[in-house]
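Since the structure comes first, as structure tokens, the remarks are kept for the end.
The values are calculated or read from the model by the stated rules, or taken from the named source; none is laboratory data. Keep in mind that what you see is a predicted model, and the values were worked out from it rather than measured. Don't worry about glycine lacking a Cβ; one is built from the backbone with ideal geometry, like all the others, and counts go over all protein chains shown.
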Ligand code: NAD
Ligand code: TDX
């Protein structure tokens, strides 16, 4: 593949993938990104100009999407509205970008017969009980809880239908919670790190015992590239790195890093419909495509992420007050 279109390539995970492709392949990358509040355009600075082109535009507009798709060999689709809490306040943009945007891209991929990889989330499967020995597999029934996860589930179903009905050469990946540099400070880990830097207490929703299965964003990128290069058309692959932690354990690790007491936590109003636990069984990806995560030690990856936020305050500081004002208005 010589030319790849990466939608949402100026976001947290998409920008990591762009760096990964530049480092590990010879392909040229075109990024299509609307540059919403969540984008991290700075993360693309310094990439070679002859390898990466940024196009600012909306994936839900066919006249923007079609010529770009026509000009590449493959589309890797990351662009989305991505924050559950925002989807509970205003679901409209989630339906437009995640559902209509994916539909628009699929129509272009169908028309021009292009390879398509759809990046999705484990949240489409709903949640598990804390004591359930099961983990999500590719066969787990869809059962999304929030407007965000329902919109991602809808987009997955569109991709499956376009494969079956129209023969679009598509694959899907459903990944667990990502952490690493450049994640917007509205999200759990960066919010808590920056709260502690500001001398405040981390905020835990509900009882703090909800479990997320953490994976470093670099491992997500290597998995997506493996699927793009070697995945079977029409198949879904779950991506995870065996990183189950409850939210309390994560904030305690952050507090320890800063030499603060592990009790300095504020328990705040729970998220409506809050999923209890996510857990990924990624054997299919590992066995069939030979993928392995490189950041197996979550604590080491978390320390590096904390150091990154401490060193890159100029990037997140301008957004901090507005993010916290919005949470405060919801009692969170
Ligand atoms: P993000 O919010 O950091 O980035 C999303 C990017 O998409 C931003 O750059 C934004 O400007 C762009 N975008 C939004 N609407 C657009 C539109 N209409 N047209 C063009 N660009 C638009 O999100 P992220 O955390 O990097 O997630 C990327 C993808 O990975 C999403 O599809 C998400 O569902 C999926 N995913 C995320 C996680 C996670 O833990 N963050 C886990 C699994 C899957
Ligand atoms: O301040 C907080 N306190 C808190 O306890 C925030 C912001 C979150 N939480 C909890 C809610 C979740 O149990 O932390 C956990 C993680 O929350 P988020 O960072 O909002 O992530 P989550 O809702 O799990 O979804 C993430 O992973 C799957 C991404 O945002 C999605 O895009 C991805 O699909």
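What's the number of the only condition in (1) within 26 Å of residue 85 (Cα to Cα); (2) part of a helix (DSSP H, G or I); (3) in contact with a strand residue (DSSP E or B) (Cβ under 7 Å, 6 or more places away or on another chain) that residue 223 fails to meet?
(1)
Are there any pairs, at least 6 apart or on different chains, whose C-beta atoms fall under 9 Å, with the first in the range 110-139 and under 19 Å from residue 157 (Cα atoms) and the second modelled with pLDDT under 95, and if so, which?
Close Cβ pairs satisfying both conditions: 115/1.
Assigned to a helix (DSSP H, G or I) and either away from ligand 2 (no atom under 16 Å from the Cβ) or surrounded by 16 or more Cβ atoms within 10 Å (Cβ to Cβ) (or both): is that true of residue 18 in this structure?
So residue 18 passes the test.
Here is a list: 105, 128. Which entry is within 15 Å of ligand 1 (Cβ to nearest atom) and either closer than 26 Å to residue 217 by Cα or touching a helix residue (DSSP H, G or I) at 6+ places or on another chain (Cβ under 7 Å) (or both)?
Of the residues listed, the single one that is within 15 Å of ligand 1 (Cβ to nearest atom) and either closer than 26 Å to residue 217 by Cα or touching a helix residue (DSSP H, G or I) at 6+ places or on another chain (Cβ under 7 Å) (or both) is 105.
Could you say whether any residue in the range 257-276 is surrounded by fewer than 20 Cβ atoms within 10 Å (Cβ to Cβ) and part of a helix (DSSP H, G or I)?
Within the range 257-276 (the criterion being surrounded by fewer than 20 Cβ atoms within 10 Å (Cβ to Cβ) and part of a helix (DSSP H, G or I)), the answer is yes, since at least one residue qualifies.
Return the total of residues in the range 228-251 being under 29 Å from residue 131 (Cβ atoms) and touching a residue at least 12 places away in the same chain (Cβ under 8 Å).
15
Can you name every residue in the range 148-167 that is more than 15 Å from ligand 2 (Cβ to nearest atom) and surrounded by fewer than 23 Cβ atoms within 10 Å (Cβ to Cβ)?
Those that are more than 15 Å from ligand 2 (Cβ to nearest atom) and surrounded by fewer than 23 Cβ atoms within 10 Å (Cβ to Cβ): 157, 158, 160, 161, 162, 163, 164, 165, 166, 167.
I'm trying to understand the selection: among the residues of the range 28-57, which are in a loop (DSSP other than H, G, I, E, B) and either surrounded by 20 or more Cβ atoms within 10 Å (Cβ to Cβ) or within 16 Å of ligand 2 (Cβ to nearest atom) (or both)? Walk me through how you get there before you give the answer.
Here is the first cut: in the range 28-57, the ones in a loop (DSSP other than H, G, I, E, B) are 34-40, 45-51, 57.
Residues satisfying the conditions are 34, 36, 37, 38, 39, 40.
Quick one: residue 145 ticks every box in (1) assigned to a loop (DSSP other than H, G, I, E, B); (2) surrounded by 16 or more Cβ atoms within 10 Å (Cβ to Cβ); (3) more than 16 Å from ligand 2 (Cβ to nearest atom) except a single one, so which number is it?
With respect to (1) assigned to a loop (DSSP other than H, G, I, E, B); (2) surrounded by 16 or more Cβ atoms within 10 Å (Cβ to Cβ); (3) more than 16 Å from ligand 2 (Cβ to nearest atom), residue 145 is out only on (3).
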